[in-house]
């Protein structure tokens, strides 16, 4: 785990340890983090988006770096910025196993744990806040108007990078219902169906951002 | 007018005929004119009966004196400071006094013998000193002095031995100066006199040729009429001198003398033309003013125009650089201050501003000083232009300073906002996030203790904190979006458009990065235009475009709303205009009352051309 704020790093480390994770290393800058990852080969790395030296997008670049060196290590980027641009850049740069989560989510440790589990499993994670900003965008001719409420809920979960199974568990509906919702959504939005979670989330995000 | 100018320009020269003595001068000149008229009339009355072959000869003879005196009056009036008038008048009067020979009394005859041909002395003096009246070489001073001495002395010497009654004029009165009637001695003195006259005439001639050859073009312009009018007179005079040595056919005098008279009568007019020619050329100065009025000239063209108006193509213009305290020419080469190394063939006229500070130097031919008023006029025109240009340059410099200082203020404000945004993220937000972590930990710990009261409290605190964090994030983004600093205009504007209340399409955005002040100007223009459209336009769609080439960033925000927006109405657009103008950009608002508003800006993409500190 890397964050230049010791206070936040320590707090999150304790919280995750309490939640049953093994926090095996803490770093204050991207170089140290990569050295730790190289030596300890953890299941996942948690990276602050802004770190020394320039405090711009070191976290995003560190995520790419780690994924390039260790394609099976999941990387969760924590950010205080609710910006679609960063999330899209991250997701588009990697075929799965990366996630963009607002730091605010630490108010519920389960959300953080869930996100870590998903990147470890090679799935993409997009913060719900980012997704709701995309869905809320004002459009002159809004294709989302054609969707039912239920379909919009499903679309939001798809955009967050959830699998059909996760959607089914989240909304307490049957696998067949999920599948039919997904199919309807893809038809209404004119998107191609793909069994790949990552490609699906990218297609949905790109569509919503257009 | 000419008098006033001359007076103003040359206050220290001879002045018996000017200034407060204006009335006296009028009287003197009128007297001079009347005197010449009377002398001419006497000459004609006395001379006509004796004239051979016709009285016309006398009239022509009197006319010579009249033209000299008349020209002298004009010269006095136009050039009161020049000796030219005095010399012309003296020549004319001496000419008239030769007619004393015709009067028929012995004292008049005697005086006439002494004064005969004396006019050549002031005439030669004039020829060698024209147009200033100053003899500027030693040789010419020697020649003129010799003339003034030799001519009267020669006349007196020959008069000592001349008895006109025995020398072919039986009806003539006696010569009072005669000591002894000795025709052979008389013959010797006449020959000596003629010899001296011939030598001096040749000296005058050589001196004139020398003057002409070394004269500059502006000087030649003044000398030319005299130069051409001189030769006939000289030729005829040479024949007369020769007649003292060689026997010409009898009666040649009736042909040659009138010719000499006509040739001499033309001379003073030639002097006048030369003298006044420069004055006629003053119209060139008004041409110069007309040209200067059209607008700023290239430094080179300014020199040309001034040289043209001054009538000296070789005129140089040296501009004063107050910062480095040197003079430079129109190609920025340093010009040595000519006043420290005076040169005989170049004169220097200094051009000063109204406070007496140097502006420039005109380095020109000394001949131009023959018409000081014209030089003064040219210098004034140069002063007007240079002072005007200097004021313009100062104004431009001040405006540039103001612009640069505005740019610095805007940039400093941007920097401060970036600082606040960073502080909010790194300070307050980090602490609140740490607090959020602690609360979550407390909630997790409590989940085993199961205190429902505490659980509710922790949940409320956590929710409040989440809202606070969201508000803080919005606040920081509003102050200065980190996305703009880190990722540039494109992502920042996309983010803005996504969150806009009115559907907003971003049609184009440059992918290149620009200096922070330029990106900030583009971003805040779009941000302000979106906010204005949201508040006032009732539009259903906004289109944002931004394109950049090497020189310009062009940003445009248009809506399909009600229109009628005014740049002065809200402080937002006014402030934006300041920001954009401070970058040498242009902001334009098109908002017809029939609908639709377009805010656009052109901003230079480079700060390099600016005096950026």
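No value in this document is a laboratory result; all are computed from the given coordinates. All values derive from a computational prediction rather than experimental measurement. Ideal geometry is used to build each Cβ from the backbone, glycine not excepted, and the neighbour counts take in all protein chains shown.
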Any idea how far apart residue B:394 and residue B:420 come out in nm if each label point goes 7 Å out from Cα toward Cβ? 4.0
Using alpha-carbon coordinates, inclination of helix B:22-47 to the longest axis of chain B, degrees: 30
Peptide B:434-446, shielding by other chains (average Cβ, 10 Å cutoff): 6
Sorted by Cβ neighbour density within 10 Å, fewest at the top, the residues B:552, B:27: B:27, B:552
Alpha-carbon radius of gyration plus Dmax, which is the widest Cα pair, for region A:132-209 in Å: 11.6, 34
How far is it, in nm, from the label point at residue B:156 to the one at residue B:105 when both lie 7 Å from their Cα along the line to the Cβ? 2.3
Helix A:197-209: inclination vs chain A longest Cα principal axis, degrees, rounded to 10, gives 70
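Could you calculate the contour length gain from residue B:169 to residue B:202, that is, 0.36 nm times the residue separation minus the distance between their Cα atoms, to one decimal place in nm? Intermediate results must be reported in sequence, preceding the final value.
Details: separation 33, 0.36 × 33 = 11.88 nm, distance 3.20 nm.
Gain in length upon complete extension: 8.7 nm.
Hey, could you get me the Stokes-Einstein D for region A:80-210, Kirkwood radius over alpha-carbon pairs, 20 °C and 1.002 mPa s, rounded to whole µm² s⁻¹?
Working: Rh = 14.9 Å.
Rounded to a whole number, D works out at 144 µm²/s.
What translational diffusion coefficient, in µm²/s and rounded to a whole number, does the Stokes-Einstein relation yield for the protein assembly as shown at 4 °C and a viscosity of 1.567 mPa s, taking the hydrodynamic radius as the Kirkwood radius over Cα pairs?
Numbers: Rh = 37.0 Å.
Reported coefficient: 35 µm²/s.
Using per-residue counts of other Cβ atoms within 10 Å, averaged over each peptide, order B:187-198, A:40-51 from highest down.
Numbers: B:187-198: 16.6, A:40-51: 21.8.
Highest-to-lowest ranking by the protection proxy: A:40-51, B:187-198.
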With each run of n ≥ 4 DSSP H residues scored as -39500 (n - 2.57), what mean residue ellipticity at 222 nm is computed for the protein assembly as shown after dividing by its residue count and rounding to the nearest 500 deg cm²/dmol? -19500 deg cm²/dmol
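Just want the ordering: B:347, B:558, B:106, B:354, from fewest to most Cβ atoms lying within 10 Å of their own Cβ. The partial results should precede the final answer.
Numbers: B:347 18, B:558 21, B:106 15, B:354 8.
If I rank by nearby Cβ atoms, fewest first, I get B:354, B:106, B:347, B:558.
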Averaged across A:5-14, how many Cβ atoms of other chains sit within 10 Å of each residue's Cβ atom? 5
What FRET efficiency would be calculated for the residue pair residue B:242, residue B:141, taking the C-beta separation as r and a Förster radius of 35 Å, to the nearest 0.05? 0.80
With no solvent term and unit scatterers on the alpha-carbon positions of region B:409-468, Debye gives log₁₀ I(q)/I(0) at q = 0.19, 0.24 Å⁻¹ of -0.71, -0.91
How long, wide and thick is chain B, going by the Cα atoms along their three principal axes, in whole angstroms, largest first? 168, 52, 43
Per the 1/(1 + (r/R0)^6) rule, R0 = 35 Å and r from the Cβ atoms of residue B:34 and residue B:262, FRET efficiency to 0.05 is 0.90
Expected max-MSF residue from A:155, A:60, A:144 in the GNM of chain A (alpha carbon, under 10 Å) is A:144
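Which translational diffusion coefficient, to the nearest whole µm²/s, is obtained for region A:6-126 from the Stokes-Einstein equation, given a Kirkwood hydrodynamic radius over C-alpha pairs, 4 °C and 1.567 mPa s? Please list the in-between numbers first.
On the way: Rh = 14.0 Å.
Rounded, D is 92 µm²/s.
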Equivalent-ellipsoid semi-axes of region B:67-189, from the Cα gyration tensor, Å, largest first: 33, 18, 8
Simple spin-label model, 7 Å along Cα-to-Cβ: residue A:132 to residue B:505 in nm? 2.9
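Within 10 Å of each Cβ of A:128-140, how many other protein chain Cβ atoms are there on average? Don't skip to the answer; put the middle values down first.
Working: counts 0, 2, 0, 0, 0, 3, 1, 0, 2, 6, 11, 4, 8.
Other-chain Cβ atoms within 10 Å of each residue's Cβ, averaged: 3.
Sort A:107, B:77, A:141 by Cβ crowding within 10 Å, fewest neighbours at the top.
Working: A:107 22, B:77 15, A:141 6.
Ordered by Cβ neighbours within 10 Å, fewest first: A:141, B:77, A:107.
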Expressed as a rounded percentage, what relative contact order does chain B have, with Cα pairs under 8 Å and six or more residues apart? 8
Quick shape check on region B:283-402: root eigenvalues a ≥ b ≥ c of the Cα gyration tensor, a/c under 1.5 is rounded, otherwise prolate if a/b tops b/c, else oblate, and it reads oblate
Find the relative contact order for region B:487-613 and round it to a whole percent, using C-alpha pairs within less than 8 Å whose residues are 6+ positions apart. 24
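Considering Cα pairs under 8 angstrom that are at least six residues apart, work out the relative contact order of region A:6-126 and quote it in whole percent.
On the way: 185 pairs, mean separation 25.9, N = 121.
Contact order relative to length: 21 percent.
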Computed FRET efficiency, Cβ-Cβ of residue B:323 and residue B:588, R0 35 Å: what is it to the nearest 0.05? 0.35
Relative packing of B:256-263, B:384-391, which averages over residues the other C-beta atoms within 10 Å, highest first: B:256-263, B:384-391
